[in-house]
Amino acid sequence: MKITLCSSAKFFDRLWDIKAALEAKGHEVFLPSMKNYHDLEETALAKIQYDLIKDHFAKIDQSDAIYVVNYEKNGIRGYIGGNCFLEIGKAFDKGIPIFLFDEASKESPYREEIIAMQPVVIGEDWNRLKS
């Protein structure tokens, strides 16, 4: 299965272990563009200059599923930021299954929309990716 990982830039360094674990299970894994971009501030200019949003959308288009790494951020469990929300919407529109590490934060202003897109919370139980 081809899986695109989606996450806040804060978690980019942690994606390598997830990628390795999924590859060990025989999956092909696409990462967010991380060519030193994780050191940039998450600004509109950086996203425009490096075409980061379109680049990641292209990876989602090639995928059989997305896995959203929504760890705790800034004291918010199940954090899903604006980019991840867009990526979830992209996958939903394409009929691509959406898997989450944790349920969407109760504090998220778009929690109801995320729930309506019917993601499956799997933690790091990679055997559940086929369900």
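Scan the chain and report its longest stretch carrying no GluC sites (Glu not before Pro) that are both in a DSSP loop and have at most 13 other Cβ atoms within 10 Å.
Details: sites that count: 41, 72, 107, 124.
Maximal segment without exposed cleavage sites: 1-40.
If you count only protein heavy atoms with a 1.4 Å probe, what accessible area per residue comes out for the chain, rounded to a whole Å²?
Working: 7290 Å² over 131 residues.
That works out to 56 Å² per residue.
Within segment 56-71, list the residues whose amide N lies under 19 Å from a label point set 7 Å along Cα→Cβ of residue 103.
What the label zone holds, given the 19 Å backbone N cut-off, is 68-71.
Through the Karplus equation 6.51 cos²θ - 1.76 cosθ + 1.60, θ set to phi - 60°, convert the phi angles of segment 8-14 into ³J(HN,Hα) values in whole Hz; use x for Gly and Pro.
So the J values, rounded to whole Hz, are 5, 4, 4, 9, 3, 5, 8.
With θ set to phi - 60° and the Karplus curve 6.51 cos²θ - 1.76 cosθ + 1.60, what are the ³J(HN,Hα) couplings of segment 115-129 in order, to the nearest whole Hz, using x for Gly and Pro?
4, 5, 7, 6, x, 10, 7, 10, x, 10, 8, 5, 5, 7, 5
Could I have the simple spin-label model distance between residue 94 and residue 21, label points 7 Å from Cα toward Cβ, reported in nm to one decimal?
2.3 nm
Pull up the cross-link candidates among the lysines for residue 25, meaning alpha carbon to alpha carbon under 24 Å and not fewer than 8 places away within one chain.
By straight Cα distance, residue 25 reaches 2, 59, 130.
Starting from the amide H of residue 28, placed 1.01 Å from N in the peptide plane, find each other amide H under 5 Å away whose residue is 5 or more places distant or on another chain.
Amide H to amide H, under 5 Å and 5 or more residues apart or across chains, residue 28 pairs with 2, 3.
Kindly work out what percent of the DSSP beta bridges joining two residues of the chain are antiparallel, to the nearest 5. Spell out each step's value before the answer.
Numbers: 1 of 14 bridges.
Beta bridges within the chain, antiparallel portion: roughly 5 percent.
Along the charge dipole of the chain, which of 4, 16, 27 sits closest to the positive end, that is, farthest toward it, with unit charges on the beta carbon of Lys, Arg, Asp and Glu (+1, +1, -1, -1)?
27
Between residue 112 and residue 77, what length in nm is gained on full extension when 0.36 nm per residue of separation is reduced by their alpha carbon distance? The partial results should precede the final answer.
On the way: separation 35, 0.36 × 35 = 12.60 nm, distance 1.60 nm.
Full-extension gain reported as 11.0 nm.
Residue by residue through segment 98-109, which ³J(HN,Hα) values in whole Hz follow from phi under the Karplus form 6.51 cos²θ - 1.76 cosθ + 1.60 (θ = phi - 60°), with glycine and proline marked x?
These are the phi-based 3J(HN,Hα) values: 10, 10, 10, 5, 9, 5, 4, 4, 5, 8, 5, x Hz.
The values are calculated or read from the model by the stated rules, or taken from the named source; none is laboratory data. Values in this document were obtained by computation on a predicted structure and should not be read as measured data. Heads up, the Cβs are rebuilt from the backbone with ideal geometry, glycines too, and the neighbour counts pull from every protein chain shown. Calculation scope for accessible area: heavy atoms of the full protein, side chains included, ligands and nucleic acids excluded. Shrake-Rupley method; radii C 1.70, N 1.55, O 1.52, S 1.80 Å.
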